[in-house]
Structure formats: structure tokens, C-alpha cells
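Okay, so here's the structure we're looking at.
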Amino acid sequence: MEKLLASVIIIARNEEDSIGACIDSLLKQTLPRESYEIIVVDGESVDRTKEIAEEMGARVVIERKHTFGHARNVGVSSAKGEYVCFISADCVADSRWLESLLSEFEEKEVCGVVGRQLPMKSRGIFSKVRELGFLAKAKQQRRVMKPGQDFSTVNCAYRRFVVEAVGGFNEELVACEDQEIAHRILKALGCQIVYQPNAVVFHEVENGLRAIARKELRQGLGLGYCDSLYGAWRAKRLLSNLFIAYLLMISLSLLLWALLRVETAITLVYAFLSAALIVDLAYFLRAMIRTKNPLVWLASLVYYPVVTASHLIGFFFGRRFPKLAFVKS
């Protein structure tokens, strides 16, 4: 029996519709099956997630705190491999995914690897707009990653001792526990985390504008908190400040017009709204360039204002009121 190199960790809760395809893709990796294990960290699912995972040969461990960070820590503490690899339950891995991730660890200074995410076929029109963002992020060149970039545990791997050395994932964050631990590792250990585009997973895109906006709000809160610690997202910080100022100026102008009938105020409102429309049209044009689907073009006019606003508002408040980025006990 070959040495157990890796532990592939999937955190899941009520994922019976996708967990089977995810595990099946992991069983078809180019590495020998005996060189890695598959661990499903189940958050007390009420569907058949646990049963499906066990039937397909995965080792299932239960977590009861129901936060991303805690689930990942449970997976790491249960792991037997030298490397811990993370993939989301709604992903399907390319057959060379694991081999591509682990090959980077031949370099001693590399302590983590982030792979490339490509979208699966989208179900809804807003998901198709979101798909464009996935493709824009899917860079094809290997690089050493820097603070402020995307260290997503949808597709990544670390040396297990590195995760343990920094105390594991933050178990209380509502989101972005993956970004927080990556920046903590870079700051504390000074090692490298690299982006390897050959390590590909196909990720299911969220369906529905409301679900997407709620996720972006959570991500914004978590990322804002991370920025308060590491100061790595300067551009996003500037944009969030400008956006909140924009909302305040519109609100103040409307108030002046409503209460005092100040004509200049309504002119300012029109000017502010026109500026927002120009930005929205720029996104519309980008959608036209990237796809030939007219429905996606029209959906982008709604998608980008809603999703951008959700994320920037979350970022602003997560940075200034850190408690908002934590799960309420």
C-alpha cells in the first residue's frame, strides 16, 4: 500500500443532489486510489447526503456547529494525509485535479495551492450572468499569489501541518474563513501559496438573484473583517467607501427635496442616478462582448447593481463593525 498522501475534504449539508457526482469525480483521479482518502464532513444533513457518501466509499464525520470554519477544522483533525485538499460538494473535479494540486508541493517553499474554477451549465438567467464572472477569474497562468487575491477553498490544498500550525480556520466567521486563514498563513509563516490553473474543478453557479445577493452580502462581511486585519483589499475598501457616500448623498438630496423642495437637490438626485446608469451600461456592454445571449444582457442590468451593492455594503460594515462578520451564538 502506497503512503497516504492526501485527504480530500468535502463539507456538506443537505447536498444529496450533488455529492454523488463530486465523489464520483474524486474516484476517477489519475493518482492511485490508495494514496488519498475522501472525507465528507456532514453538518447533520436531513436528506441522503451521509448515506450516499458512505455508499460511495467516503469516510463521513459529523459536525454540529454548522459554520464553514468549524466544518473544515473537523475535516483537518480527521485527516490522515500529509496534505489536506478542499473541494465544494457542488463541484466536479477534473481527473488530473488532485495530481495537479499535489505536484506544486515538490517545491519546499510552497505551503498551499489554489486551483481554477470553471462554471457548470447554469440553470437560471441570473446564474448565466454570474457565470461570466467565473470565467473572468479563471486565469490560465501559474503564479505565486499575493495578499488580496482569492484563496477559495472551493478548490485548494495545504500542507496539513501548516493549517494546524496557525490554529486552523476561524470557526465563527459567517464567510471568508478561507481568505482569513490564507492571509494568516502568509503573514505568520512567510511561505508561498500558488495558483495552479491545471487543477480544475467545475463549480455549480448559484441559482436566483436573491440567493446570489445574500451570498455576496455574507462574503462582503467576511472580507471586510479580513481587510480590517490585513489591509489587503485597498481598491475594494475605496469602492465601498465611495458607494456608501453615494447612497448617503442620494438620501440627503431626496430628503432636502422632499422637506424643503430645494430644486438643486432633485437635480443632484438625477445626476447621481445618471452616474449609476453609466456604470450599469458599462457592465451591460461587457456582457454583450462576452456572450451572444440577449437575455443575459438584459439580466446584467439588474444583476450587477444588486450584487455589487450587496457585496460593497457587506464589506463596508464588516470592516467597521467586525461583530457583524461573526455567527451569532
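The values are calculated or read from the model by the stated rules, or taken from the named source; none is laboratory data. Since this is a predicted model, take the numbers as computed values, not measurements. Cβ sites come from the backbone with ideal geometry, for glycine too, and all protein chains shown count toward neighbours.
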- [ ] Kindly indicate whether any position in segment 273-292 is modelled with pLDDT under 90, among the aromatic types (Phe, Trp, Tyr), in a helix (DSSP H, G or I) and within 19 Å of residue 133 (Cα to Cα).
- [x] yes
Task: Filter result for residue 238 (outside the structural domain of residue 169 (by TED's automatic domain parsing), buried (at least 16 other Cβ atoms within 10 Å of the Cβ), modelled with pLDDT of 95 or more and part of a helix (DSSP H, G or I)) - done: no
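Could you tell me which of the residues 39, 52 is within 14 Å of residue 85 (Cα to Cα) and either out of contact with any Phe, Trp or Tyr (no Cβ under 6 Å at 6 or more places or on another chain) or surrounded by fewer than 23 Cβ atoms within 10 Å (Cβ to Cβ) (or both)? Steps first, answer last, please.
Working: 52 fails: within 14 Å of residue 85 (Cα to Cα).
Just a single option satisfies the conditions, and that option is 39.
So in segment 291-326, with the set limited to residues that are among the aliphatic types (A, V, I, L, M) and exposed (fewer than 15 other Cβ atoms within 10 Å of the Cβ), which one is farthest from residue 220 (Cα to Cα)? Please lay out each step first, then the result.
Quick first cut of segment 291-326, residues among the aliphatic types (A, V, I, L, M) only: 295-296, 298-299, 301-302, 306-307, 309, 312-313, 324-325.
Now narrow it down to the ones that are exposed (fewer than 15 other Cβ atoms within 10 Å of the Cβ): 295, 298, 302.
On the way: 295: 27, 298: 25, 302: 19 Å.
This residue is 295.
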Task: Top-ranked residue in segment 248-270 [being surrounded by 15 or more Cβ atoms within 10 Å (Cβ to Cβ) and among the hydrophobic types (A, V, I, L, M, F, W, C); ranked as nearest to residue 145 (Cα to Cα)] - done: 250
Open item on the list: Among the listed residues 317, 321, identify the single one that is under 17 Å from residue 231 (Cα atoms), in contact with a Leu (Cβ under 6 Å, 6 or more places away or on another chain) and at pLDDT 90 or above.
Closed with: 317
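Can you tell which of 219, 196 is in contact (Cβ under 8 Å) with a residue 12 or more places away in the chain, within 21 Å of residue 69 (Cβ to Cβ) and not acidic (Asp, Glu)? Lay out the reasoning, then the answer.
Values: 196 fails: within 21 Å of residue 69 (Cβ to Cβ).
One residue alone meets the criteria, 219.
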